[in-house]
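Remarks on the structure that follows.
The values are calculated or read from the model by the stated rules, or taken from the named source; none is laboratory data. Here the structure is a predicted model, which means the values were calculated and not measured. FYI the Cβ positions are ideal-geometry reconstructions off the backbone, even for glycines, and counts take in every protein chain you see.
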Amino acid sequence: MRVLVVADSEELAQTISVVLKVRWPQLSLLHAGEARVSIDLIHREKPDLVMLDLDSAAVDGFDLISQIRGFSDVPLVVLSQRDDVTDKVRALEMGVDEWISPSSVPMEFIAKVNAILRRCAPYSNSSRVCACLNGRLRIDYATRKVSVLGRSVKLTPIEYEILCQLVRNEGSVVSHANLLHSVWGPNYGADPEFLKKYIHRLRCKVEEDPSDPEMIVTERGVGYILIGSSDSTE
């Protein structure tokens with residue numbers, strides 16, 4: 001596994017390397033202290049995971065998140081000791097996959113990284129390409145590309161994970177808690193309003209009329225359902 005750590009502290013990068021090598025002995029760690037260098041490394045080295053120190057004085061973390069998400073859906077983790085909910089929500093809405101404190105207990109740190117990689121990897125027990133809704137929606141799990149009626153749709157990593165979770169449960173209601181736990185992890189409670197914003201953005205990209213969705217339908221007070229080809233939308 002190849003991991004890029006973006007931080008002005010080389011000591012932090014080395015600490016992360018030591019911790020992760022407990023689980024991934026063959027891990028190759030890349031370190032960048034500047035935004036420009038990190039962008040170049042992502043293009044050239046194609047890391048499996050990028051970890052960004054939001055507390056780094058040398059890097060404008062939110063600007064770098066925006067730059068990375070402009071060209072890559074690489075799993076992206078923010079490292080920060082901050083406990084500001086506004087910053088966390090902002091980062092997640094920009095496409096960050098997880099927010100982890102660098103001072104986390106090593107085994108917890110490893111477990112969170114493993115969960116991120118598991119969520120972002122193509123589903124190993126699924127076919128490489130999934131076609132549903134009578135072929136209207138297609139997902140290539142290997143490339144993470146999505147198309148609707150043959151039209152390519154660019155989703156953020158969070159939007160992609162929500163869609164995949166709905167597809168895996170096509171025709172069945174997926175609860176708010178299930179979606180939040182599956183996409184963001186077990187630390188996120190059943191907050192329908194938090195999820196509602198992401199569902200709206202996803203609908204704007206995959207629905208013909210987002211105000212009258214035919215694919216991703218709300219089950220009021222419970223969750224959402226991806227309407228199967230044989231289901232009706234009463």
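When only residues in the range 163-192 that are assigned to a helix (DSSP H, G or I) and closer than 15 Å to CYS130 by Cα count, which is modelled with the lowest pLDDT? Restricting to residues being assigned to a helix (DSSP H, G or I) and closer than 15 Å to CYS130 by Cα, the top hit is ARG168. Here is the figure for the range 144-156: residues that are within 19 Å of ILE68 (Cα to Cα) and either at pLDDT 85 or above or surrounded by 21 or more Cβ atoms within 10 Å (Cβ to Cβ) (or both) total 5. Residues of the range 1-12 that are among the charged types (D, E, K, R) and either free of Cβ contacts under 8 Å to residues at least 12 places away in the same chain or in a strand (DSSP E or B) (or both): ARG2, GLU11. Condition first: modelled with pLDDT of 90 or more and touching an Asp or Glu at 6+ places or on another chain (Cβ under 7 Å). Can you find one or more residues in the range 88-99 that meet it? Scanning the range 88-99, I find no residue that is modelled with pLDDT of 90 or more and touching an Asp or Glu at 6+ places or on another chain (Cβ under 7 Å), so the answer is no. Only one entry of GLY95, GLY70, GLY61, GLY33 meets the criterion of being closer than 19 Å to TRP184 by Cα and small (Gly, Ala, Ser), and that entry is GLY95.
I want to confirm something. Restricting to the range 193-234 and keeping residues that are among the hydroxyl-bearing types (Ser, Thr, Tyr) and surrounded by 11 or more Cβ atoms within 10 Å (Cβ to Cβ), which single residue is modelled with the lowest pLDDT? It comes out as SER229. Restricting attention to the range 141-162, the residues that are assigned to a helix (DSSP H, G or I) and hydrophobic (A, V, I, L, M, F, W, C) total 2.
Residue-level analysis places LEU133 outside the set of residues that are at pLDDT 85 or above and of a type in the set (A, V, I, L, M, F, W, C). Could you list, in sequence order, the residues of the range 1-23 that are of a type in the set (A, V, I, L, M, F, W, C) and either under 23 Å from the mean Cα position of the chain (by Cα) or closer than 18 Å to ILE65 by Cα (or both)? Passing the criteria: MET1, VAL3, LEU4, VAL5, VAL6, ALA7, ALA13, ILE16, VAL19, LEU20.
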